[in-house]
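J.: Quick one: structure below, then a few questions.
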Amino acid sequence: MVQRLAGHFSVEESAKRIRHYRYAEERMMRVMGGWIALTPELGAKLLFGRHVWDCAQHADLWGKRLPELRAPAQVSEPPNDAFVRFMDLVESPEGFGQTPQRLVGIYGVLKPHLLATYEHHLAHANQVYEPPTRRILQRVIEDERRHIAAGRAILTHLLRDDGARRRAHAWEERLHALLAEAGGVSGDGLSHLAVPEIPPDAADVAGDLVELEKPVGQWPLPPDLEAALATHALSLARGNLAAVAEDLAPEFRSAGEEFYRSALATGFERHAVVGAAKIGSHRQIKLRLESRQGAVVLLSRWAQRDGRWRVVEAEVVRTEPA
Amino acid sequence: MDRPIAYDKLAREDRFVRMRARRVVELKLEQGLPPFPDLASRESIKERVHGIMVGELQAMEGAGRTVYDFPDAPWEFAMDMARQVWDESRHVEIYIRLLEHLDGYVGEFPETTILWRCACAEDAAARVAGVNRGLEGLACDVFNQLVHIARKIGDPILEHAVDFVLADEITHVRMGSKWLNALTEGDPERRKRAIEFQESIDERFNLGGMRREGEHEDVPISIATEARRLAGFTEEEIARLIKTTQRSSVY
């Protein structure tokens, strides 16, 4: 019976660890909340949206446990400066094209580390006098498993080519190195704990995985507009400005010729319609044009003029270097 | 990350077409169309649902920014805002599914960012007053009317889904009232500025007389007085809103 009362953590140590957990959960909640607006991919955006609330609840559960351990409620405390630097690095990718890095930081490094740490803590928390902590650990472990599976599914979807996978891997290595320097979330060197196996259980993940952006296929456009767009895109790809000019509405001809001459100086190798919106009978068409120099996303408004579709407005909405 | 971020940092996939609200209205009027979907046809309902979907998306983004932008606000405030982020993320999903139910697709109509701009106030009290009371109050009006129209045309999927969202929105307005009071306690100047911000949003979203007191079929957006009472708006506030709709300038 004596062994059943053996424990690994004192009350003070337990409270300290919990403040460290709370720091990680609270900071993660705030960072993901801030990223939602900066993340273009709908699947990742909605995933952050769902997990912000779970992380908030984790931080809250830890924060409410603190007074039961003779410590002030709802206090976060990082284990050391290196862990703060680790979290700063996790937070740092905020660019338009950096969603994979954001996902890697949370679902590839931080959450797996928290899961491993929580599992380790649960295995060592006394079953007789630490059930309140154990209950919280069981809850957060279950959530973290689900989060990681959902995050990995979206990450796999986004890492479509070798270059992206290489960049993601390099980012992961960099984060792991800083996490090891910090000694993990508890600061006691447990950053090396093996991450438990997480099967990509579709049933569990379904609640988190909302929608992966669909590959651009056939847009529901009128057939004659589709044909006009195909010809237009081909003219753009070939740099045939005289042919492009034929597609311009009379009222846009002069400004349009100037626009296409300056904005699309080089030819393009690939093109695709990536967006199509309606305003009454007009159509706003987004064309993505790719060359070795990079990509241009062009937005043009098409309307019927003299029985055929013509461009009445156009602008470049984004350029991407190669 | 910057606190707050610039308006134009709002990130979207390419399938979204972003435009200024004013320009969309101009192009519709040039074509002899009503400036806002009048709910008189399935296509018009679909356009309204698309508009709501992007509104929910921006509401989620706005609430997420509030979680990030105000780390020194009370913890319970962060909890309420995090809960709102989750609610809005589910609302986005609901409206994406409703769009599919109506044979539409994400990006079928332009997105305007007028809601997002309102969600970028620098003061937390102004943000909850403007977003939770101004915009979520507007959401109560719009959803209440949509539930009614769905019931009338015999579309229980639309009716039930939107009714659950309406219940959430009422909760968000209550949160807004609670935090407007808590954050401005003992600071009447801050409270005054926050309320003025909310009123400027109310005025803007009267949409040049589109939002009015009246029967659901008779006005483009009818003010949901009962839902607003449930959400905690006072009789005086509801009366003031109705009064402002009678003097809003053309959008």
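The values are calculated or read from the model by the stated rules, or taken from the named source; none is laboratory data. Quantities reported herein were computed from a predicted structural model and do not represent experimental measurements. Positions of Cβ are generated from backbone atoms using ideal geometry, with glycine treated the same way; all protein chains shown enter the neighbour counts. Please note that ligands, DNA and RNA were not included when accessible areas were found on the heavy atoms of the full protein model with its side chains. Shrake-Rupley method; radii C 1.70, N 1.55, O 1.52, S 1.80 Å.
J.: Rg/Rh for chain B to two decimals, with Rh computed the Kirkwood way over all alpha-carbon pairs.
T.: 0.94
J.: Which far-off residues, 5 or more places away or on another chain, put their amide H under 5 Å from the one on B:Glu213, with H placed in the peptide plane?
T.: B:Ile223
J.: Zone of A:Ala180 (label point 7 Å along Cα→Cβ, backbone N under 19 Å): which residues in the range A:109-143?
T.: A:109-117
J.: How large is the helix-only mean residue ellipticity at 222 nm for the protein assembly as shown, computed as the sum of -39500 (n - 2.57) over DSSP H runs with n ≥ 4, divided by its residue count, in deg cm²/dmol to the nearest 500?
T.: After summing the helix terms and dividing by the residues of the protein assembly as shown, the value is -18500 deg cm²/dmol.
J.: Please tell me the relative contact order of the range B:1-105 in percent, rounded to the nearest whole number, where contacts are Cα pairs under 8 Å and at least six residues apart.
T.: Normalised by residue count, the contact order of the range B:1-105 is 26 percent.
J.: Compute accessible area for the range A:37-52 by itself and then with all protein chains, 1.4 Å probe, and report residues whose area falls by 20 Å² or more.
T.: Listed by number, the residues meeting the 20 Å² cut-off are A:Ala37, A:Leu38, A:Pro40, A:Leu42, A:Lys45, A:Leu46, A:Gly49, A:Arg50, A:Val52.
J.: In whole Å and largest first, what semi-axes does the C-alpha gyration tensor of the protein assembly as shown yield when each eigenvalue is scaled by 5 and square-rooted?
T.: Semi-axes, largest first: 44, 32, 20 Å.
J.: Let me have the relative contact order for the range A:3-205, percent, based on Cα pairs under 8 Å that are six or more residues apart.
T.: Relative CO of the range A:3-205 lands at 27 percent.
J.: Spelling out what I want: for every residue of the range A:257-263, take phi, set θ = phi - 60°, compute 6.51 cos²θ - 1.76 cosθ + 1.60 (Karplus), and round to whole Hz; glycine and proline get x.
T.: 4, 4, 4, 5, 5, 7, 7
J.: I need the trypsin sites (Lys or Arg not before Pro) found in the range B:3-74, filtered to DSSP loop residues with at most 15 other beta carbons within 10 Å of theirs.
T.: Passing sites in the range B:3-74 are B:Arg20.
J.: How far apart, in nm, are two points set 7 Å out from the Cα along the Cα-to-Cβ line at A:Leu193 and at A:Arg70?
T.: Taking the two extended label points, one gets 2.5 nm.
J.: Still on this model: Only protein chains counted, 1.4 angstrom probe. Which residues of the range B:53-76 are at least 20 Å² less accessible in the assembly than when their chain is isolated?
T.: Relative to the lone chain, where solvent access is computed with a 1.4 Å probe, the range B:53-76 loses at least 20 Å² at B:Leu57, B:Met60, B:Glu61, B:Gly64, B:Arg65, B:Val67, B:Tyr68, B:Pro71, B:Trp75.
J.: Another question, then. Measure off, as a whole percent, the carbon and sulfur share of the 1.4 Å-probe accessible area of chain A, all protein chains present. Could you put the intermediate results ahead of the total?
T.: Details: 7430 of 13920 Å².
Result for chain A: 53 percent of the exposed heavy-atom area is carbon or sulfur.
J.: So what is the accessible area of the protein assembly as shown per residue, in Å², with the probe set to 1.4 Å?
T.: Details: 24180 Å² over 573 residues.
Per-residue accessible area for the protein assembly as shown comes out at 42 Å².
J.: Which one, A:Ala265, A:Ala24, A:Ala15, has the greatest fluctuation when you compute a Gaussian network model over chain A with C-alpha springs under 10 angstrom?
T.: A:Ala265
J.: For A:Ile279, which sequence-distant residues (separation of 5 or more, or a different chain) have an amide H within less than 5 Å of its own amide H, given hydrogens modelled in the peptide plane?
T.: A:Gln284
J.: Taking only Cα atoms of the range A:223-321, what ratio of Rg to Rh do you get with Rh as the Kirkwood inverse-distance radius?
T.: 0.93
J.: At a Förster distance of 30 Å, what's the computed FRET efficiency of B:Phe164 paired with B:Glu217, Cβ-Cβ distance as r, to 0.05? Write out the running numbers ahead of the final one.
T.: On the way: r = 23 Å, r/R0 = 0.78.
Between B:Phe164 and B:Glu217 the formula returns 0.80.
J.: Amide H of B:Arg18 versus every other amide H placed in the peptide plane: which residues, excluding those fewer than 5 positions away on the same chain, fall under 5 Å?
T.: Result for B:Arg18 returns B:Glu111.
J.: Plugging the Kirkwood radius over Cα pairs into Stokes-Einstein for chain A, at a temperature of 37 °C and a viscosity of 0.692 mPa s, what D comes out in µm²/s?
T.: D, rounded to a whole number, is 143 µm²/s.
J.: In whole Å and largest first, what semi-axes does the C-alpha gyration tensor of the range B:1-53 yield when each eigenvalue is scaled by 5 and square-rooted?
T.: Details: eigenvalues 152, 41, 19 Å².
Over the Cα atoms of the range B:1-53, the ellipsoid semi-axes are 28, 14, 10 Å.
J.: Out of every Cα pair in the range A:223-279, what percent are spaced more than 17 Å from each other?
T.: Of all Cα-Cα distances in the range A:223-279, 41 percent exceed 17 Å.
J.: Then there's this: Determine the total buried accessible area between chain A and chain B, counting protein heavy atoms only with a 1.4 Å probe; round to the nearest 100 Å².
T.: When A and B are taken together, about 4300 Å² of accessible area is lost.
J.: Let me ask something else about it. Express the carbon and sulfur contribution to the solvent-accessible surface of chain B as a percent, rounded to the nearest whole number, probe 1.4 angstrom. Each step should come with its number before you reach the end.
T.: Working: 5340 of 10260 Å².
The nonpolar share, carbon plus sulfur, comes to 52 percent.
J.: For the range B:64-184, with equal point scatterers placed on the C-alpha atoms only and solvent neglected, what are the log10 I(q)/I(0) values from the Debye formula at q = 0.11, 0.22 1/Å, to two decimals?
T.: Log10 I(q)/I(0), no solvent term: -0.41, -1.30.
J.: Also, quick follow-up: Hey, in the GNM for chain B with a 10 angstrom Cα cutoff, which one of B:Gln31, B:Gln145, B:Gln198 fluctuates hardest?
T.: Of B:Gln31, B:Gln145, B:Gln198, the Gaussian network model singles out B:Gln31 as fluctuating most.
J.: Using only Cα atoms and rounding to the nearest 10 degrees, what angle (0 to 90) does helix B:156-183 make with the longest principal axis of chain B?
T.: So the inclination is approximately 20 degrees.
J.: With θ taken as phi - 60° and the coefficients 6.51, -1.76 and 1.60, list the Karplus ³J(HN,Hα) couplings across the range A:51-67 in order, rounded to whole Hz; mark glycine and proline as x.
T.: These are the phi-based 3J(HN,Hα) values: 7, 3, 5, 5, 5, 4, 5, 4, 4, 5, 4, 5, x, 6, 6, 4, x Hz.
J.: Given points 7 Å out from each Cα along the Cα-Cβ axis, report the B:Glu236 to A:Arg4 separation in nanometres with one decimal.
T.: 6.4
J.: Of the candidates A:Arg308, A:Arg139, A:Arg152, which one comes out as most mobile in a Gaussian network treatment of chain A with C-alpha springs shorter than 10 Å?
T.: For chain A, modelled as a Gaussian network with Cα springs under 10 Å, the answer is A:Arg308.
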